[in-house]
Structures are given as structure tokens and as C-alpha cells.
Amino acid sequence: MLNTDLNLAAPDDFYEALVELHRDLTPEQSRLVNAKLILLLANHIGDQAVLRQAMAKAREGIIPACQDADLRTLA
Amino acid sequence: MRGGKAPLNVDYQALVLDYARSPDQDAPRPVWHPVIVVGAGPVGLSAAIDLAQQGVPVLLLDDDDRLSTGSRAICFAKRTLEIWDRLGVGQRMVDKGVTWNLGKVFFREEPVYSFNLLPEAGHQRPAFINLQQYYVEGFLLERARELPNLEIRWKNQVTGLEPAPDGVTLTVSTPEGEYRLRCDWLVAADGARSPIRRAMGLESKGRTFRDRFLIADVRMQADFPAERWFWFDPPFHPNQSVLLHMQPDGVWRIDFQLGWDADPVAERQPDRVIPRVQALLGRDTQFELEWVSVYTFSCLRMEKFRHGRVLFAGDAAHGVSPFGARGANSGVQDAENLAWKLRLVLEGKAPASLLDSYDAERVHAADENILNSTRSTDFITPKNEASRAFRDATLELAKDCGFARRLVNSGRLSVPSTYRDSPLNTPDGDAFEGLMQPGAPAVDAPVRVRGESAWFLRQLGQNGFSGLYFSDGGDLHPVRLEALRSLAGGAVPVQPLLVTPQGVRPEETGGIPVLEDPEGLLTRRYDAQPGTFYLLRPDQHVCARWRRFDPGLVRAALARATGNA
């Protein structure tokens, strides 16, 4: 079960570190760092149900504004 | 070649297979055949050989007079080789093919991940061989020609078809005009663009990927090992992927990702291809271009593979991306799944509804192949900036993080499906561990037969069901022995086999073949104990198993596995 209550001992410290992580990076570099971070944390959490809940929560309320160009449905 | 022994080095690509007029063309009415197979590719040839070997007369029609031009499919999986062992051509394929088990993945210049597709010993066949499709077709053709009840007609193109509840009437076009044929069952193995599918107004639906790939098969002397090498974003072909793979006769498969915007006609020209190959091999390496092709691919399938008396198999029924070698391999498995069922139906030993299990099992397998192949393609051809970032993140982490190596996906290579939910399975009533659950393809193990080393899968009934009884090597009760022996005598015979520990055997086995299990591997792989009994289908899939042998339960499971329950 995804915990959405506070679970961080020093929340402000964490947030600062997260912002600091991206200092001086281009959007492309940031995207790569974020991707690595997600993969590392996902593997650490390991629980597929929790990960799916987190993905659903992250996507909540976001309406796709474009379509991936590199696929099409046949027939 | 006809009738004689095949010469050692046949140029199968150059072989012209002569059209010959058949008496059927002069018949006043359409001549009837029990089974017509359309398409003499690896799938159609395998299906035709399997049926003919089981005693069913087969007519195989092909619209061309040549075998495969170009190497095309080159990776043939362990299960396919085991099927071809049953069809009598496995050894020839392995002898000519390049055996490999190892795959390596590089990111930019560095190796990030390697995998062994056959990490354990005790199997006769390797995970894969690489062999040009024209050899595969050539060897299958030569085997087909040994079978007197298998007739092949080249330059016979199906141009019309009338399916009816009791059979199918075909219009066939030849260099000497049209004629008509009738059959009880039609096997359509006529490829991705299946004219039969189109003639029936049916579709194969799915997704196509907006990416292009270049195959350059080159002939050269090179000292790369017999492994599958896959690069993401290498310096010699930036931002794209490259695959390198060894084939027999000093031919190498190089597959370059080009991207969607590449011009498919221009990219095929030697002046474009040669610099790409030189970038990989270095300017000094001498090579010749053997075959060049630019392709795109789709993951798709027909909704159903059985349409009355027409059965679709191979690329006609489903399509995948090439990265898991799941196309030709799954097609050969279609053929094997279909052949024994069709034979039982034709012999009147099973209802036609048995063929619905072909549809259920092979649609399940196609979905599994499409799922795996789509996932690989999503990794190799990222859909958007985010998926590209996750791909690169995975590859960078893979250098020093074990978990990320397992996420790297350069192709999940073909393994046979387990038909878990097949209506032909008898669900377990007893507790078992391991992989050999009902629906699973039987795994191999070393055995000893009459003191000689042999392989388990080769001992199974060649065209029928097998019953595997694990004993402790002590004497069998005469009643049990007789019950085992009588399995071979039913309308659908079951070949009994007796497994014993090494060096022990019952005094009297009543003619039942004895397989000694020298390393205990067979017993372990089947989680067997003395008394365990497995019922295996003609296609070597498990359909039932018990901790003790009960002839009544075996009969019930056999009825179920043949659609007679």
C-alpha cells in the first residue's frame, strides 16, 4: 500500500537535496538523472503493487496533450 | 537431387524447382486431397513433413519455384531444433548451423550486460543455432522428398477459394492455366501477406513501429566469437542500435537501426551500405555484401487462427518484430501443434473441435510472443523523450547495478509457450514443483538406453502420445506392468516408457523401453518420485501428471487431450 503520509524525517532537507541534484543541468540531463533516480528507487521499493499505485498517483489528473508519433495502429 | 543423396554443397538460393504438370489438372472434376498446405517456407514444409510422417497424404502448393532468397530468418531456437529432430532433420540443421548460447550488450563502447540462454548442462540441443533460411528450407525440402505421401507442386498459386462446411475448393493458377482442387482441410502457411487470408476477407491486426532497419549480410573472414552482440548508440553508428551475428559459410548478419526518416530505397544501395559496414569493421577489413534489405515491422495477429476448415499458421497468422527470433520459431511450433490434431481428426479419432485447441493454444503463444517482442521494440525504439531517458538511464546504470542489467532489453529470445490454460490439460490433483506443469513443453535430459547414452526427448513416441512412468527400479507388479503395456493398444495409443535409476531395472518390463536416469536430472526436472506418471502429447507438451499411475485417470486425461471428453 502506497504511503502518502509523511515518511521523511527531514522533509525540507530532502526537498533541498532534490532541487540541488538538478543544479546546472540541461533539461535533457535532468531527464536522465530523474530517470535513473526512478529506476533506483523502484528497484529498492520492489513491490509492484506499490509502484503501480505510485504511477497512478503521479499520472492523476494529467490529460495527454499529444500522441506518441512513432506508432500507429494497423487496420 | 531427386531420389538420390543430396550433394554436400548445394546452392539452395540458386535452386530452381521445376513446375510439373499434375494429372489433377486434366481431371474433369476437382480432385480431392485430405490436406492441402499452402506455402513451402519453413512453416509449411514443417507442417507437411509432420503430417506425412504421421501417415496423412499431403499436397503442398507453392506459388514460386525458388527457396528463400537472402538469409532472412537466421536464428533457430532449441525447441524448433527439437521439433526438427522429430521430423528427422534436426541433426543436419545443427551440423551446418552456428551454435550459440551467449548474448552480449554494449552501450556506446562498453559491455554492460551478457546473458547465457542455456545456463545448465544436460540438454542435447543448444539455446540457438544460426542458419540461413535457404539452408533450413533446403534441408526440409530434401526431407520432404523422402516421404512418398508428400507431393509438392511449384508454381501453383492459389487464386481463389470457396470454403464450405465440409471442405474447401481451391482455384490454382499454373504456367499452364488454372485448375481446381478440393480438400478437407487447408493449412495456410502463405506468409505475412497471406493471399488466402486476403481472399477470405480476413485481417491480421496490430501495431506497426515507425522505425527502419537495414540488414547487411556480409561474407568475410572475421574473428568475432559465435555470440549475439548488440550495441546501443555505438560510436560507429551513433544514436542507433546495431546487431552482429555469425552465420555459416563466413557470413555475418549486421542489422543497423536507421530511424523512421531513412530512405528505404537509397539505404539499400551499396554506396550507402558499405561505409556503414566499414564503420563497424574498420576500413581494412575485406568483405562482400551477400544480401541487403531495409525493413520495418509490425506486431500483429489474426483474431482467430481457425476459420472452419482453413487453419492459418506462421506469419500468415501472426507477426512480430525480429528481435526475439520469435517469427519463424513460433511458426514451426504452430505447425507441430496443428499436425497431430489434424491427423486425429482425419482418422476419426477426435472431433473437429479439437482444432479449436490449436486456435486457443497458438493464439495464446502468439500473444506471448507479441508481448515480448513489443517490449523489446519499445526499449530499442523509444516512443518519446521520456522512454528514451529511461532507456539510457537503464543502460548507464547497468554498468554497476545488477538490477538494471535485467531491465536491458535487446530482445527476449524465443522460448516455447506453456499452454497453462489449455482445455486439453488435466489440472494437477497432486502437488508438484518445477516447470513441467500441464501445458509445458517437455524438457530434455540425458538418459541411458540399453547401456548407451541417449537423450530423453528422442525416446518419446515419434508421432503419438507417451506415458512416462518413474519407478524405483524394483520389479513391477504384473497387474501394473500389464496396465502400462495396454496403454499402447488403445484407439489413440500411448507409448509407455519406464524411467529407472542408473544401474537398476526390473527383471521383467514386458517390452516397455527402459530409460535409465544416470544423473538423476530427468527425475529432478520432472519433480518425479517413484510412482510418478506423466502423459505427454505427440507435440511433447505435458497434458497430465500424477503421483501414482491409475489407468482410469490416464484414459480420462487422454480423452480430454484429444477433445473426446
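The values are calculated or read from the model by the stated rules, or taken from the named source; none is laboratory data. Everything numeric in this text was worked out from a predicted model, so none of it was measured. No Cβ is skipped: glycine too gets one built from the backbone with ideal geometry, and neighbour counts run over all protein chains shown. Heavy atoms of the whole protein, side chains included, go into the accessibility calculation; ligands, DNA and RNA do not. Shrake-Rupley method; radii C 1.70, N 1.55, O 1.52, S 1.80 Å.
Counting only residues that are more than 14 Å from B:G552 (Cα to Cα) and of a type in the set (A, V, I, L, M, F, W, C), region B:461-495 holds 8 of them.
Considering region B:304-422, the qualifying helices (runs of 4 or more DSSP H), each wholly inside and each with 2 or more residues that are away from every other protein chain (no Cβ under 14 Å) and open to solvent by less than 40 Å² (accessible area, probe 1.4 Å), run over B:327-346, B:354-380.
Cβ separations smaller than 7 Å between residues 6+ apart or across chains give the following pairs from region B:383-410 residues that are over 16 Å from A:H44 (Cβ atoms) and among the charged types (D, E, K, R) to residues that are outside any helix (DSSP H, G or I) and open to solvent by 50 Å² or more (accessible area, probe 1.4 Å): B:K383/A:D68; B:K399/B:E110. Does B:L280 satisfy the criteria of being touching a Phe, Trp or Tyr at 6+ places or on another chain (Cβ under 6 Å) and either open to solvent by 30 Å² or more (accessible area, probe 1.4 Å) or touching a residue at least 40 places away in the same chain (Cβ under 8 Å) (or both)? So B:L280 fits the description; yes.
In this structure, B:R207 does satisfy being more than 20 Å from B:P111 (Cα to Cα), within 14 Å of chain A (Cβ to nearest Cβ) and in contact (Cβ under 8 Å) with a residue 24 or more places away in the chain.
Anything in region B:241-260 that is out of contact with any Leu (no Cβ under 6 Å at 6 or more places or on another chain) and within 23 Å of B:L395 (Cβ to Cβ)? List them, or say none. Passing the criteria: B:S241, B:V242, B:L243, B:L244, B:H245, B:R253, B:Q257, B:G259, B:W260. Pull up region B:295-332, narrow it to residues that are of a type in the set (V, I, T) and modelled with pLDDT of 95 or more, then point me to the one that is farthest from the chain's Cα centre (by Cα). The selected residue is B:V310.
Looking only at region B:243-257, decide whether some residue is away from chain A (no Cβ under 14 Å), open to solvent by 40 Å² or more (accessible area, probe 1.4 Å), out of contact with any Cys (no Cβ under 9 Å at 6 or more places or on another chain) and not aliphatic (A, V, I, L, M). Yes - at least one qualifying residue is present in region B:243-257.
Count of region B:186-225 residues, restricted to those that are of a type in the set (A, V, I, L, M), outside any strand (DSSP E or B) and more than 30 Å from B:A47 (Cβ to Cβ), is 2. Quick check: anything in region A:51-58 assigned to a helix (DSSP H, G or I), under 30 Å from B:D261 (Cβ atoms) and open to solvent by 90 Å² or more (accessible area, probe 1.4 Å)? Looking through region A:51-58, none of the residues is assigned to a helix (DSSP H, G or I), under 30 Å from B:D261 (Cβ atoms) and open to solvent by 90 Å² or more (accessible area, probe 1.4 Å). If I filter region B:180-199 for residues that are surrounded by fewer than 22 Cβ atoms within 10 Å (Cβ to Cβ) and in contact with an Asp or Glu (Cβ under 6 Å, 6 or more places away or on another chain), do I get at least one hit? The answer is yes, given that some residue of region B:180-199 is surrounded by fewer than 22 Cβ atoms within 10 Å (Cβ to Cβ) and in contact with an Asp or Glu (Cβ under 6 Å, 6 or more places away or on another chain). The set of residues from region B:54-77 being under 21 Å from B:V310 (Cα atoms) and among the polar types (S, T, N, Q) comprises just one member, B:Q54. For A:Q67, the conditions (1) closer than 30 Å to B:E203 by Cα; (2) of a type outside the set (G, A, S); (3) more than 14 Å from chain B (Cβ to nearest Cβ) are fulfilled apart from (3).
Residues that are modelled with pLDDT of 95 or more and of a type in the set (K, R) within region B:105-131 comprise just one, B:R125.
Are there any pairs with C-beta distances below 6 angstrom linking a residue in region A:3-16 that is of a type in the set (S, T, Y) to a residue that is surrounded by fewer than 10 Cβ atoms within 10 Å (Cβ to Cβ), with the two at least 6 apart or on different chains, and if so which? No pair meets every condition. The set of residues in region B:118-134 being open to solvent by 20 Å² or more (accessible area, probe 1.4 Å) and either closer than 23 Å to B:L15 by Cα or acidic (D, E) (or both) consists of B:E120 alone. Screening A:S30 against (1) among the polar types (S, T, N, Q); (2) within 18 Å of B:T394 (Cα to Cα); (3) over 13 Å from the mean Cα position of the chain (by Cα) leaves a single unmet condition, (3).
A single member of B:L280, B:L289, B:L300 is away from every other protein chain (no Cβ under 14 Å), touching a His at 6+ places or on another chain (Cβ under 9 Å) and either of a type outside the set (G, A, S) or assigned to a loop (DSSP other than H, G, I, E, B) (or both), and it is B:L280. The number of residues in region A:15-50 being more than 11 Å from chain B (Cβ to nearest Cβ), loosely packed, with under 11 Cβ neighbours inside 10 Å and either in contact with a Pro (Cβ under 6 Å, 6 or more places away or on another chain) or part of a helix (DSSP H, G or I) (or both) comes to 5. For region B:149-156, check the following and say yes or no: at least one residue is of a type in the set (D, E), closer than 19 Å to B:A47 by Cα and surrounded by 15 or more Cβ atoms within 10 Å (Cβ to Cβ). Checked region B:149-156: at least one residue is of a type in the set (D, E), closer than 19 Å to B:A47 by Cα and surrounded by 15 or more Cβ atoms within 10 Å (Cβ to Cβ). Reported count of residues in region B:226-246, each being part of a strand (DSSP E or B) and under 18 Å from B:G324 (Cβ atoms), is 10.
Going by what's in this entry, would B:L202 be described as closer than 30 Å to B:V345 by Cα and either within 14 Å of chain A (Cβ to nearest Cβ) or open to solvent by 60 Å² or more (accessible area, probe 1.4 Å) (or both)? For B:L202, the condition - closer than 30 Å to B:V345 by Cα and either within 14 Å of chain A (Cβ to nearest Cβ) or open to solvent by 60 Å² or more (accessible area, probe 1.4 Å) (or both) - is met.
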